[in-house]
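Worksheet for the structure shown next.
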Amino acid sequence: MSTTAQTTPVKRIHIAAAILMAPDNRILLVRKAGTSAFMQAGGKIENGESPVAALQRELREELGLTIAEDQAHYVGAFSAPAANEPGFTVEAEIFRIALNQPVAKAAEIEEIVWVDPLQKVDLPLAPLTENYLLPLCKEFMPVTKQ
């Protein structure tokens, strides 16, 4: 008699998100209305949309940012439990963008904050942000001589 393990399929959300870095190396985090976790700006990639096109659309909608495709430097793909959708996993295409223009919350964004990734961030963070992206930001920091 053979047995097969029943597994629950993973429910995935495919997103594009940005590590937005200010000239002073602080990172922009956003909190969407009706949620508690801070995360990178970005959102779901629509059918037929490239990750960069999705990112451009989301940044325009959420923060009033217009970015050129060559401003978005691909960092990699990361996966983590979704912060706001229990039972889902986010599959994130992450881009780094050096930001030198003002941002303003728009669309569903309730709050924006700038954080120093080299300091402890005392905010509720999305798992993707806390476990992968903030630690990764330290690699983007310029090396200072002692």
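The values are calculated or read from the model by the stated rules, or taken from the named source; none is laboratory data. This is a predicted model, so every value here is computed, not measured. Cβ sites come from the backbone with ideal geometry, for glycine too, and all protein chains shown count toward neighbours.
Quick look at the numbers
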{"quantity": "Cβ-Cβ under 6 Å pairs, at least 6 apart or on other chains, the range 33-54 side among the aromatic types (Phe, Trp, Tyr), far side in a loop (DSSP other than H, G, I, E, B)", "calculated": "Phe38/Leu123"}
{"quantity": "Filter result for the condition that a residue is among the polar types (S, T, N, Q), within 15 Å of Lys32 (Cβ to Cβ) and surrounded by fewer than 20 Cβ atoms within 10 Å (Cβ to Cβ), over Asn100, Asn84", "calculated": "Asn84"}
{"quantity": "Of residues in the range 37-79 being surrounded by fewer than 12 Cβ atoms within 10 Å (Cβ to Cβ) and among the small types (Gly, Ala, Ser), the one nearest to Glu139 (Cα to Cα)", "calculated": "Gly76"}
{"quantity": "Close pairs (7 angstrom Cβ cut-off, 6 or more residues apart or separate chains): small (Gly, Ala, Ser) in the range 102-129, part of a loop (DSSP other than H, G, I, E, B) and buried (at least 16 other Cβ atoms within 10 Å of the Cβ) anywhere", "calculated": "Ala126/Ala37; Ala126/Ala83"}
{"quantity": "Ala92, sole failed condition from (1) outside any loop (DSSP other than H, G, I, E, B); (2) surrounded by fewer than 18 Cβ atoms within 10 Å (Cβ to Cβ)", "calculated": "(2)"}
{"quantity": "Test: residue in the range 44-56 that is in a strand (DSSP E or B), in contact with an Asp or Glu (Cβ under 9 Å, 6 or more places away or on another chain), within 26 Å of Pro135 (Cβ to Cβ) and modelled with pLDDT of 95 or more", "calculated": "yes"}
